[in-house]
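Single-structure report; data block below.
Readers should treat all values here as calculations from the given coordinates under stated rules, not as data from a laboratory. Just so it is clear, the structure is predicted and the values come from calculations on it, not from any experiment. As a convention, Cβ positions derive from the backbone with ideal geometry for all residues, glycine included, and neighbour counts pool all protein chains shown.
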Amino acid sequence: MDNITKMPVLFVGHGSPMHVIQDNEWSRGFKSIADHLPRPKAILSISAHWYVDGTYLTASESNKTIHDFGGFPQEMYEIQYPAPGAPSLAKRVTEIIERAELSDEWGLDHGTWTVLHYVFPDASVPVIQLSIDRRMEPKAHYELAKDLRSLREDGVLIFGTGNITHNLRAAFGQMRSGDPSTPAYSAKFDAEIRTSLENRDFENLWTAIGTEHGRLSHPTLDHYLPLLYCAAAVDESDQPNSLIEGFDHGLSMRSVLWT
């Protein structure tokens, strides 16, 4: 797989951190993603969970595993995903995105490692993370990311991890009540975004978020914006394929691979 000329682009709906210790349809789905991917030389991850004021890149030789959650079983805090870093790739991305700065204050958060734990279980592929500047408008994130597509030609997998719908308060309410149904707003927004991706109507990705069903699906934009980075990195020949579909307590688990 070392002769890859262009890597795909991958967006994964990662959902609950609990999937990393559970055998369920979502963890099995994450595992199956490996069957559709060539082995990348490196991974650039854009995770919902590095949502800060500023644009940063992890630049360490090695990555710490960040357990950025609370109240979960102890075994989850004991999982490590010791993928190496890629400082030279991080530096290159700062040359593509001039506003980006190198940082050694982060590592791999659960949006990244709970998925890669299944896709590349040997943790041997170098990984860097790019933060999401929460001060920017959605369209600005798309514009910022367009030049990242050149990295694909060098074997870099651009990997966005969040959820196409993510109303966590509503999801917790459903968990407490035992209600497994999917809210109408979540189903509507997920269907609209799927159609936008299939039709390459990328402008709708940042206008749909302002609709009523968009606002209900995303009280905050942290889990949605990684999708815009992925959409910006595809070219006209790429076709989207939803490898995983469905809802987990109203959260869309749709995961899309562009090849």
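Computed extension gain for residue 21 through residue 179, at 0.36 nm per residue and net of the alpha carbon distance, reaches 54.6 nm.
Simple point charges give the picture: +1 on the Cβ of Lys and Arg, -1 on the Cβ of Asp and Glu, and for segment 96-215 a dipole about the Cα centre of about 460 debye.
Of the listed peptides 91-98, 61-68, what is their order by residue-averaged count of other C-beta atoms within 10 Å, with the highest listed first? Could the numbers behind the result be given before it?
Numbers: 91-98: 14.5, 61-68: 16.2.
My ranking of the peptides, most packed first, is 61-68, 91-98.
Suppose a student asked you for the relative contact order of segment 1-139, using Cα pairs under 8 Å spaced at least 6 residues apart; what percent would you report? It would help to have the intermediate numbers written out before the result.
Values: 222 pairs, mean separation 54.2, N = 139.
Here the relative contact order equals 39 percent.
State the antiparallel share, in %, of DSSP beta bridges confined to the chain, rounding to the nearest 5. Mind showing how you got there, number by number?
Numbers: 11 of 31 bridges.
Rounded to the nearest five, the antiparallel share is 35 percent.
Tell me whether segment 43-88 comes out rounded, prolate or oblate; compute the Cα gyration tensor, take square roots of the eigenvalues as a ≥ b ≥ c, and use a/c under 1.5 as the rounded threshold. The shape class here is oblate. Based on Cα contacts under 8 Å between residues 6+ apart, the chain shows a relative contact order of 31 percent.
Its Kirkwood hydrodynamic radius, worked out from the mean inverse distance over all distinct Cα pairs, puts the chain at 18.2 Å. Remark on residue 246: its backbone amide H falls under 5 Å from those of 253, 254, a criterion applied only to residues 5 or more positions apart or on other chains, H modelled at 1.01 Å from N.
Given a Förster radius of 22 Å and the C-beta distance between residue 241 and residue 202 as r, what FRET efficiency does 1/(1 + (r/R0)^6) yield to the nearest 0.05? Don't jump to the answer; show the numbers that get you there.
Values: r = 17 Å, r/R0 = 0.77.
Step by step, r from the Cβ atoms, then E = 0.80.
In a reduced charge model with +1 at each Lys and Arg Cβ and -1 at each Asp and Glu Cβ, the chain shows a dipole moment near 180 debye about its Cα centre.
For the chain, the mean residue ellipticity at 222 nm estimated from helices alone is -9000 deg cm²/dmol, where every DSSP H run of n ≥ 4 contributes -39500 (n - 2.57) and the total is divided by all residues, rounded to the nearest 500. Toward the positive end of the charge dipole of segment 11-98, with +1 on the Cβ of Lys and Arg and -1 on the Cβ of Asp and Glu, the farthest Cα among 81, 96, 56 is that of 96. Packing, taken as the mean count of other beta carbons within 10 Å per residue, orders the peptides 213-220, 77-84, 124-131 from highest to lowest as 124-131, 213-220, 77-84.
For every other residue with a beta carbon closer than 13 angstrom to the beta carbon of residue 109, add +1 if it is Lys or Arg and -1 if Asp or Glu, then tell me the sum. In short, -2.
For segment 131-259, count all C-alpha to C-alpha pairs, find those more than 27 Å apart, and express that count as a whole percent of the total. Don't jump to the answer; show the numbers that get you there.
On the way: 1448 of 8256 pairs.
Every Cα pair in segment 131-259 considered, those over 27 Å come to 18 percent.
Checking every one of the trypsin sites (Lys or Arg not before Pro) in segment 123-181 against DSSP loop status and a limit of 12 other Cβ atoms within 10 Å picks out 135. Rounded to whole Å, give me the distance from the Cα center of segment 50-65 to that of segment 191-248. Segment 50-65 and segment 191-248 have Cα centres spaced 24 Å from each other.
May I ask which of 6/139; 41/91; 91/146; 31/146 have a Cα-Cα span longer than 19 Å here? Numbers along the way, then the final one.
Details: 6/139 25 Å; 41/91 16 Å; 91/146 17 Å; 31/146 28 Å.
Where the Cα-Cα span goes over 19 Å, the pairs concerned are 6/139; 31/146.
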